[in-house]
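Read-outs: derived from the displayed coordinates by stated rules, not from any lab. All values derive from a computational prediction rather than experimental measurement. Cβ atoms come from the backbone with ideal geometry, glycine included; neighbour counts cover every protein chain shown.
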Amino acid sequence: MSYYYKYDFVSPEPVYSIVKEELKSYFDTGAVDDLLFPTYLNKCLNKLGRTTYAIKETALDICDFQARLPDNFFAVREAWMCAEVPQLPYQTANSFYSQAAITTIQVSPVISGGSPCTNLDCTDTGCDGHSCLPELIQAVYKTNSQTARSYRKSYLLKPGNISARNKCDVDYTSNWEFAQPAPQITQSTPGSSSFDSFDVRDNKFVTNFRNAIVHLVFYSTDYDNVGNQMIPDNYRIREYVEAFIKYKVFETLSNQINDETFNQVQQKLTYYKQMSEEAFIMADIEIKKQDAWTKQRRIKNDLNRFNMYELPNRTNRYGWRRNG
């Protein structure tokens, strides 16, 4: 399983506001507008690569060689074939408190007339000679849900070109049962690149086994409440998005007729293009930096790289050297 750093994602509205405020004379006169800002942002994220997309995880229930992908799916990072291993469920850390008597744990009882009471039909005869119900304080119940654990990761699937059809059958071949990759895989699709490959098409995750569970780690596209694509909460990435949008604004102005001369607009266009390219270099360096945990893992890998060449009969050291 690979390791990755998860960014915090924020809305690009503050970046849009900075651009429109710093270049407000052009926006106030109507020479340019913010209609293409989402398109410019998408260009920035595509140029920086998939690092700028959020990483999510989900479990796909493969039925008849395929499963529907999530709505925010962008690209596959990892796809793990999972074997079914029934295990005991585990209790979630969150609790839900309610006043409905359909749960399991009663935190506080019903208070009737200042004392705990479980019989709601009891009456108080001290109300001016008339029978009436006392003041009731509802009980509070605590709910802790459980999550079932019934599968574990078996092996990593490979991307491949799969010759699969809807509701495909395997009656036209007789040698598929001799190449089963795992006991839990009941049937395989002929014509695929390998027996552990997958394909993505038509918003579906297509495999070469009929029924299974696939643990999918994928890149997703997240949006805020007004439909703007979220960007990583990183200073260098935000600076690059801002510089690129300014450069595209002056590129639009250079193709229009305005009060400024052509040389003035060209000088501004050249200046902001240079700023955009410099900001891209800084953002590209930033996303390639290693965090502390990645450096630690790579140092251990370098120290243990030649362990397979250690002699087992050395006198000064027993067995392999473990530098971790």
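Here are some notes:
- The loop-placed trypsin sites (Lys or Arg not before Pro) in the range 240-313, going by DSSP, that have at most 13 neighbouring Cβ atoms within 10 Å of their Cβ come out as Lys288, Lys289, Arg305.
- Pairwise label distance in nanometres, Asp284 with Ala59, each label 7 Å out on the Cα-Cβ vector: 4.1 nm
- Of the peptides 77-85, 56-64, the ranking by mean beta-carbon count within 10 Å, highest at the top, reads 77-85, 56-64.
- Cross-link partners of Lys289 among lysines (Cα-Cα below 24 Å; sequence separation of 8 or more within a chain): Lys6, Lys43, Lys47, Lys56, Lys300
- Sites Asn263 and Asp302 - FRET efficiency at Förster radius 51 Å, r taken between beta-carbons, to 0.05: 0.40
- For Lys268, the aspartates and glutamates whose Cα comes closer than 13 Å to its Cα, not counting residues fewer than 8 places off in the same chain, are Glu251, Glu260.
- Burial ranking of peptide ranges 151-159, 22-30 (average Cβ count within 10 Å, highest at the top): 151-159, 22-30
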